[in-house]
Amino acid sequence: MTVRTVLGDVDAASLGAVLVHEHLIIDNALIARDYEHIHLSSVDEAVAEVTECAAAGVGCMVDAMPAAGGRHPDRLAEISRRTGVAIIATTGLHTPKYYPHHPWALEADVDTLAQLFIADIDEGIDQFDYTGPVIDRSECRAGIIKVATPEAELTDRCQRVFRAAAIAADMTGAPILTHCEEGVGAASHVAAFARLGFPLHRVVISHTDKVVDRRYHRDLLESGVNLEYDQALRRSTDERNDTAALIADAVEAGFIGQIMVGTDGARRTLWATLGGSPGLAWMRGGFLASLDRVGLDADGVKVIFETNPHRFLELETTP
């Protein structure tokens, strides 16, 4: 079971607890100017926050910022070396708002996009993050592909990106992570990959726990797709943590094998080492207490933090 990290391929069994949707470095001119609340440029700051996660038992984090969105593979590699936490980098594309100065990310055809994604995984992530015109591939390779939708239905551009991601995943064996804006539209992701003939067990949909509707989640899980819940951190002070409750419901319905967790912790106000709260490490502290209160035992915790992501993140050996 091989997983591709920024420091090389590793055995999935070595990863320990995994946070499947993280943001450790997001840094470019657009982010610094227009999205200061998620501007994460410092290796030292990330090392401090990730070190606390490691002390809490986190062994691997997926940095979910895709191509031309502020990735810096060299910084991710340094964070991994200094903390001992495995980091998986991401290729693919985010929603259009991140690309006002990169028309290729909005207009390129399917084959062009697929080849860019494949090269990130097989050869190495561009040091310039596909901001062009020069490409200089680093030694750090991506291990997962991201696609994103800004609304419930897929636009023409989304359909091209989804198709390119499926081609790249077929060619490389990498899994696919999706972004649902405000948690809605996940059914359109399922339908799109089903039409493409892409296996849904190789897809994880993020942010759906923003929608606290048990039927919505059960319908998705019945399709065979995986769900990554990442709103628990923002509910750390709630008497009832809705993310924990959704996990309990999925377990009761027999879907524990399709649930993973993360923080989507791009906001600086969530990082304890930046003076925010509760800190990313809360996922292996306070959140475990929330899961205990809804009846998830130690074996169940291991399944959602380790067993499921280890299986999902492995590169298929016969893509």
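Values for this structure:
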| read-out | value |
| --- | --- |
| Gyration tensor verdict on segment 172-264 (Cα atoms; rounded if a/c is under 1.5, prolate if a/b is larger than b/c, oblate otherwise) | prolate |
| Convex hull per residue volume in Å³, alpha carbons only, for segment 178-223 | 61 Å³ |
| Charge context of residue 233, other residues only, Cβ under 10 angstrom, K/R +1, D/E -1 | +1 |
| Between segment 83-139 and segment 1-71, the alpha-carbon center distance in angstrom | 16 Å |
| Linear extension gain, residue 292 paired with residue 195, 0.36 nm per residue minus alpha-carbon span | 31.0 nm |
| In Å², nearest 10: area of residue 110 left accessible to a 1.4 Å probe | 20 Å² |
| Directionally averaged projected area (convex hull, Cα atoms, segment 91-199), nm² | 6.4 nm² |
| Interchain or long-range residues, amide H under 5 Å from residue 140's placed H | 125 |
| Local electrostatic count, residue 184, Cβ distance below 11 Å [Lys/Arg +1, Asp/Glu -1] | -4 |
| Residue range of the chain that is longest and free of GluC sites (Glu not before Pro) which are both DSSP loop and sparsely packed (at most 16 other C-beta within 10 Å) | 1-122 |
| Average accessible surface area per residue within segment 188-295, 1.4 Å rolling probe, Å² | 39 Å² |
| Two-decimal Rg to Rh for the chain - Kirkwood Rh, Cα set | 0.93 |
| In nm, spacing of pseudo-spin labels at residue 127 and residue 111 (7 Å Cα→C-beta vector) | 3.1 nm |
| Residue with peak Gaussian network fluctuation, the chain [Cα springs, cutoff 10 Å], from 231, 258, 115 | 115 |
| Computed E for residue 37/residue 237 - FRET, C-beta separation, R0 22 angstrom, nearest 0.05 | 0.70 |
| Where labels lie 7 Å past Cα in the beta-carbon direction, separation of residue 213 and residue 74 in nm | 4.7 nm |
| Net +/- balance of residues flanking residue 308 in space, Cβ distance below 13 Å, scoring K and R +1, D and E -1 | -1 |
| Fully extended contour minus Cα-Cα distance, from residue 13 to residue 44, at 0.36 nm per residue | 8.4 nm |
| Label point distance in nm, residue 299-residue 2, each placed 7 Å from Cα along Cα→Cβ | 3.3 nm |
| Residue of 82, 71, 202 that the Gaussian network model of the chain assigns the largest fluctuation, springs spanning Cα pairs under 10 Å | 82 |
| Of 165, 56, 114, the one that fluctuates the most in a GNM where the chain has Cα springs shorter than 10 Å | 56 |
| Value of Rg to Rh for segment 47-94 (Rh from inverse mean 1/r over Cα pairs, i.e. Kirkwood) | 1.00 |
| Selection from 130, 116, 145 lying farthest towards where the dipole of segment 108-171 points positive, charges on Cβ | 145 |
| Shape call, segment 1-85: gyration tensor on alpha carbons, a/c limit 1.5 | prolate |
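The values are calculated or read from the model by the stated rules, or taken from the named source; none is laboratory data. This is a predicted model, so every value here is computed, not measured. Quick reminder, even Gly has a Cβ in these numbers, built from the backbone with ideal geometry, and neighbours come from all protein chains shown. We work out accessible area using only protein heavy atoms, side chains counted, and drop any ligands, DNA or RNA first. Shrake-Rupley method; radii C 1.70, N 1.55, O 1.52, S 1.80 Å.
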